[in-house]
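Each remark here refers to the structure printed beneath this line.
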Amino acid sequence: QVQLVESGGGLVQPGGSLRLSCAASGSISSIYTMGWHRQVPGKEREPVATITHNGVTNYADSVKGRFTMSRDNANNTVYLQMNSLKPEDTAVYHCYYRFNSVVWGQGTQVTVSS
């Protein structure tokens, strides 16, 4: 069983930055992918970024050049550095872990507003 704990959300002004963290614990595989999705009420959850076990990243077009995902394998933690934030980035951000199945975190709210 894998558990995920997210942190780092909050309120930030447009143009500002936040860093989200997602720590995995439990029966962690040595080969897994982690990523972030985000969801706005009334809309479908959309993918934001992924990172493979060997550090290969992929980003949604809407966040390329602004968001950077990284991982600390020693601590089974991934990070999402979000720069140049826009009001349309406002959402609940959910971390996930994928090996044989997908485990989701509880989500953390990011609000971009002046």
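The values are calculated or read from the model by the stated rules, or taken from the named source; none is laboratory data. Keep in mind that what you see is a predicted model, and the values were worked out from it rather than measured. Glycine gets a Cβ as well: all are built from the backbone with ideal geometry, and neighbour counts include every protein chain shown. Only protein heavy atoms, including side chains, enter the accessible area calculation; ligands, DNA and RNA are left aside. Shrake-Rupley method; radii C 1.70, N 1.55, O 1.52, S 1.80 Å.
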Tally Lys and Arg at +1 and Asp and Glu at -1 over the other residues with C-beta under 13 Å from the C-beta of I51: what net charge comes out? +1
Report the trypsin sites (Lys or Arg not before Pro) located in the range 12-91 that are in a DSSP loop and have at most 16 other Cβ atoms inside 10 Å of their Cβ, or state none. K43, R45, K64, R66
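Can you sort D61, D72 by solvent-accessible area, 1.4 Å probe, largest first?
Values: D61 125, D72 45 Å².
The ordering from most to least exposed comes out as D61, D72.
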Local net charge near V112, Cβ-Cβ under 10 Å (Lys/Arg +1, Asp/Glu -1): -1
Solvent-accessible surface (1.4 angstrom probe) belonging to Y79, in square angstrom, nearest 10: 50 Å²
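At 1.4 Å probe radius, can you tell me the per residue accessible area of the chain in Å²? Display every interim value, and only then the final one.
Numbers: 5980 Å² over 114 residues.
Spelled out: the 1.4 Å probe surface of the chain, per residue, equals 52 Å².
Find the relative contact order for the chain and round it to a whole percent, using C-alpha pairs within less than 8 Å whose residues are 6+ positions apart.
Answer for the chain is 37 percent.
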Cut-off under 5 Å, modelled amide H: who pairs with V48 long-range: W36, H37, R38
With all protein chains in place and a 1.4 Å probe, L4 shows an accessible area in Å² (nearest 10) of 20 Å²
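The range 1-91: which GluC sites (Glu not before Pro) are DSSP loop and have at most 13 other beta-carbon atoms within 10 angstrom? Let's see the in-between values first.
Working: sites: E6, E44, E88; in loops: E44.
Those that pass, being in a loop and sparsely packed, are E44.
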Given unit charges at Cβ for Lys, Arg (+) and Asp, Glu (-), the dipole magnitude of the chain about its Cα centre in debye, nearest 20, is 60 debye
